[in-house]
1. May I ask you to say which residue of A:91, A:78, A:97 is assigned by the TED database to the domain that holds residue A:176 and within 24 Å of residue A:160 (Cα to Cα)?
2. Identify the single condition in (1) part of a loop (DSSP other than H, G, I, E, B); (2) within 22 Å of residue A:64 (Cβ to Cβ); (3) at pLDDT 90 or above that residue B:42 does not satisfy, given that it satisfies every other one.
3. Output the number of residues of region B:50-69 satisfying the condition of being assigned to a strand (DSSP E or B) and more than 10 Å from chain A (Cβ to nearest Cβ).
4. What is the one condition in (1) at pLDDT below 90; (2) in contact with a strand residue (DSSP E or B) (Cβ under 9 Å, 6 or more places away or on another chain) that residue A:161 does not satisfy?
5. Assuming residue B:107 fulfils every condition listed in (1) assigned to a loop (DSSP other than H, G, I, E, B); (2) within 13 Å of chain A (Cβ to nearest Cβ); (3) modelled with pLDDT of 95 or more apart from one, which condition is it?
6. Residues to consider are B:75, B:117; find the one that is surrounded by 22 or more Cβ atoms within 10 Å (Cβ to Cβ) and not in a strand (DSSP E or B).
7. Taking the conditions exactly as written (more than 15 Å from the chain's Cα centre (by Cα), within 12 Å of chain A (Cβ to nearest Cβ) and under 17 Å from residue B:200 (Cα atoms)), does residue B:90 satisfy them or not?
């Protein structure tokens, strides 16, 4: 090992050596740390360490992930009502909330919102727009958390089923203890009434914001959500960019971008 | 240890036991794993493990952080030009890029963008708006990465200094090897010319997008960036929410939200 390290340092082949230890090799990892290796991160099944080799420069190995990311679904039905669920466990037990959860590896936040609505409410939706998001400091393990509140609309098939079933949902009875469709123009009143026990603070502001948007006369949902498919993203090989609503009525602009 | 575990299990006091090991206690961590503890995460100076106690339910301990987050500064001067920097190291060496970097713990992405511009370009700016952001899968260590492209404007003081110094910058000569102010209406041409060596793909699309916005006649920057302060965020005790540009000319709407 020492020979290898000296070899790398002399040849300036690499700036750093990485060694990954399985969970049954922590004894070996301890020996590596004694030789100057540092912990970089761990997952369930391994511990990653590295040794910085370039003595003339300070260690510039980027740290590991820093943020948790969650997504929620603002689901509006064809009667201009918002879907709320009553949670059945955790620290939001018995509170009214939008369907939400963490973004899984390999999915975009828009997909996570759609999945959470499917899992919790048993309802098929599609992503329409990002309504807003919030940035929170010092959450779980003192790390920051991002939460994306997505506007989703039930698919045509789901709307037909809702109409047939009098808007009943086949929700996950382990996670959820009830649901309701709240008219958009009653959301502020609903959010501010303590007996409604709305999950705070995100949902509280969200509901007031949605209500304000709706009652201001902008009629965002009524005019657009069931009629209008905007180009919102530029998708590349493995990334998506989200552009603001600034461009809502500027489709021509995209001709240039879409080339 | 075993007694303690049995005690906790019998009394149903806790769902899980957490043990944090310093970097010189990996031998002990190995013993803990043998007893059924699992790795949760590590930072530079410790390894966090936990034991799930509730035998009737499956482990529902949330995972650790999943995302890296970066921010960049779209800096426009009072002559409608965008600031580009030529990077001096890393895999973008000699490429033109916007000032950018990772979000540090304890700062919002808007603050990170302002800090990066200060550090790299030696220029004082303030956050104006979020232009767009992108979501990328399987980046560093196969984890996702979010990048927020922020519209920043030089402070009044900085504009005065730029005017006095013929728009020269006192940039960080270790990280940056040059700078230029590119007129907004020339950005598409600039981005598409291979000899300009623009960092891709984010910057490539960004520059074309900015150019399209500008030349479309919307005159977003000219009309607004130096004159108009929009309320963009709702700040709570430890979180900020970002609303879309939908509300750009709907200040009244905020009376309700701001209460």
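1. Numbers: A:91 fails: within 24 Å of residue A:160 (Cα to Cα); A:97 fails: within 24 Å of residue A:160 (Cα to Cα).
So the residue among A:91, A:78, A:97 that is assigned by the TED database to the domain that holds residue A:176 and within 24 Å of residue A:160 (Cα to Cα) is A:78.
2. The failed condition is (1).
3. 3
4. Result: residue A:161 fails condition (1) only.
5. (3)
6. B:117
7. For residue B:90, the condition - more than 15 Å from the chain's Cα centre (by Cα), within 12 Å of chain A (Cβ to nearest Cβ) and under 17 Å from residue B:200 (Cα atoms) - is met.
Condition check ((1) touching a strand residue (DSSP E or B) at 6+ places or on another chain (Cβ under 9 Å); (2) more than 11 Å from residue B:70 (Cβ to Cβ)) across all residues:
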| residue | (1), (2) |
| --- | --- |
| B:97 | yes, yes |
| B:102 | yes, no |
| B:106 | no, yes |
| B:114 | yes, yes |
| B:119 | yes, yes |
| B:137 | yes, yes |
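The values are calculated or read from the model by the stated rules, or taken from the named source; none is laboratory data. These numbers come from a predicted model, not from an experiment. When we count neighbours, we look across all protein chains shown, and the Cβ atoms used for this are built from the backbone with ideal geometry, even at glycine.
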